[in-house]
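Below is one structure; the comments refer to it alone.
Please treat every number below as a calculation from the coordinates, not as lab data. These figures come from a predicted structure and were not determined experimentally. Note that we place each Cβ from the backbone using ideal geometry, even for glycine, and neighbour counts take in every protein chain shown.
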Amino acid sequence: MNAKQIANEILDEIGGKKNIESVTHCITRLRFVLKDTSIPNKEVVSNIDSVISVVEQGGQYQVVLGNKVNDVYAEVINQIGEEQTIVASTETKKKPLLDVFTATVSGIFMPVLGAMAASGTIKGILTVLSVANILPATSGTYITLYALSNSFFYFMPVILGASAAKYFKMNIYVGMLIGASLIYPTLIPYASKGSLTFLSIPVSMMDYTSTVFPAIVAVWLASKLDKLTLKLPLKDLRFILQPLIVLVISVPIALIVIGPIISTLGEILAQAVNAVYNFNPILGGAVIGGPWILMVMFGLHWAFIPIFINNVASQGFDPIMGLLLANQFAMAGAVFAVGIRTKKEKVRALSYSTGVTTLIGISEPALYGVLLPYKKPLISAIIGGSLGAMVAGALNTVQYTFGGSGLLGIPLIINPKGIDGGFYGGIASQIIGFAVAFAVTLLWGFKEEPEKVVDTSKESSDTLIDLTTILSGTVVPLSEVPDKVFSEGLMGQGLAVIPDKGEVKAPFAGTVTTVFPTKHAIGLTSDDGIELLIHIGLDTVELGGKGFTTYVETGQRVKKGDKLVEVDLESLKAANYATISPIIITNSADFRSVTTEQHKLHVLS
């Protein structure tokens, strides 16, 4: 099927020109903004010849085409006209409120999530040691480690104030000051006294330690004030006066208005969640436990994290997190069963490795690399997760702090007063989730395409591509890239680099086949036929070339070590773009094998 036919089919399935608000493209995919997202049938579009996958995120309907994207895009524009592309490049599409909320929460929490999970896990381990009388709560060691584990949660307004300031693109130290002002020790006693005033205005002071949204909303307001002060003629005094103006206005408003309103709304929301749980915990487990996997897939789980934290802060535990213990084990059970049933050695290895990582709380590689592509195992995991969660609900399993999941989640369900039925319910839910998902996948099976037969009569040759010669930094597996088009290997086999320098160099002698107009991606073809895609950062197409400088052009010959692109990594980070850079062999299927060896790609032809 040629590019024109592919474009025709895609346009027919997404509702034609009349349903397109705008369309742009990056190095791998067409990015549509549609008027009515209910028109396309995702499965039908995914099955169009040359379409690798369909991704719906950030208000965009993304059709992944790989190296055919340029030709298909040109045919799409021939049919719909140029005006749709102008909208995408000059206007900002107003996203649905839920998309904005989840993107904001995830953007603020993502940088601090590791520290938060580590703190919660330490707290859970301390509970185990205390309950088992191994480490008394009065010992200096316990007190020191507890201070370490609780500091994140106690000073959460300060930490989230800094993260929110970075997300809203203002001075992070101003954000920290706003958060610190909410929990300043002199103010906290007034939460019970109730006699604090500011310029004769009564302040309904509350204890904001361990809270989430008051600091985030206050920093959001401060970011708006920060932009307004840019218009003031402060000249040489801007360095001092701009943060002074922002702080003097935003902190009193946070204490008088934002804090009390947000805290009250948080309490109402927590009560509503608990009311649903208390209505029927078993039913809650069935509805929440397994389908939570889908919430994670669509990024909607971020909206619940502040609720979980608020519950722990206000009542000492969260009941919903107790229902989620089983789904991690259910995913592991399903992928282990895939490993047993598959006839493909690569899928077997992937299933076993991702199954192990899922058991210790890292589920994305299993979810996007195994469960989602095969579909039936995903359904099996949802069934197992729900049945396991029903057991947790029946035995009132709750979680006492925020931390890791999988096996790392077990210490978090131990009641500080001693082991109770909820702990045993949590263990039982994990076992049931694993066993059910494993059995259903094993019995139900899944559709698997037969492996391609490789002609072994040809003489083979080895090529090693050292990624550290392309980008200086830390080389990581492709599964760690937070974009399933890359992490699932849909574009081909490869690795990724978290760069510490901005120079991109050629790893071999060959030809530059593609220099993307926005300079964020480049394609090379080696003299022995390896087609290499270097994608610098994620979603960096949106920068329109800002921060990138190219030194080569399409069709140019290069030798090993030639500079291709230079990128200002700090500008990417400041604009909240991930710098992790996938490096893919897009024609992997043309070779006998493409494997990874630490920081190298081994191509056997």
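Under the simplified labelling scheme, the Lys376-Val248 pair shows an inter-label distance of 7.0 nm, with each label point 7 Å from Cα along Cα→Cβ.
One quarter of the convex hull surface built on the alpha carbon atoms of segment 391-545 amounts to 15.6 nm², the projected area averaged over directions. According to the Cα-based calculation, Rg over Rh for segment 527-605 is 1.01, with Rh computed by the Kirkwood formula. Here is the link list: Lys123/Lys417; Lys227/Lys519; Lys501/Lys573. Which ones come out longer than 19 Å on Cα distance? Long pairs (Cα-Cα over 19 Å): Lys227/Lys519. Computed with the Debye formula from one identical point scatterer per Cα of segment 509-556, without solvent, the log10 of I(q)/I(0) at q = 0.14, 0.18 Å⁻¹ comes to -0.33, -0.53.
Judged by the mean number of other Cβ atoms found within 10 Å, the most tightly packed of the peptides 544-552, 426-434 leads the ranking 426-434, 544-552.
Can you work out the base-10 log of I(q)/I(0) for segment 462-604 at q = 0.10, 0.21 1/Å, using the Debye formula on its C-alpha atoms alone? One equal scatterer on each Cα of segment 462-604 leads to -0.28, -1.39. Ranked by the mean number of other Cβ atoms within 10 Å per residue, highest first, peptides 214-222, 330-338, 572-580 order as 330-338, 214-222, 572-580. Across all directions, the average flat footprint of the convex hull enclosing the Cα atoms of segment 296-447 is 8.2 nm². Among the listed pairs Lys35/Lys224; Lys346/Lys376; Lys166/Lys484; Lys4/Lys68, those with a Cα-Cα distance over 21 Å are Lys35/Lys224; Lys166/Lys484. For segment 478-528, taking Cα atoms only, Rg and Dmax work out to 12.5, 31 Å respectively. Pairs of Cα atoms nearer than 8 Å and 6+ residues apart set the relative contact order; for the chain it is 11 percent. If you take the alpha carbon atoms of segment 155-276 and fit the smallest convex hull around them, that volume is 112 Å³ per residue. Once the convex hull of all Cα atoms in the chain is built, its volume per residue stands at 189 Å³.
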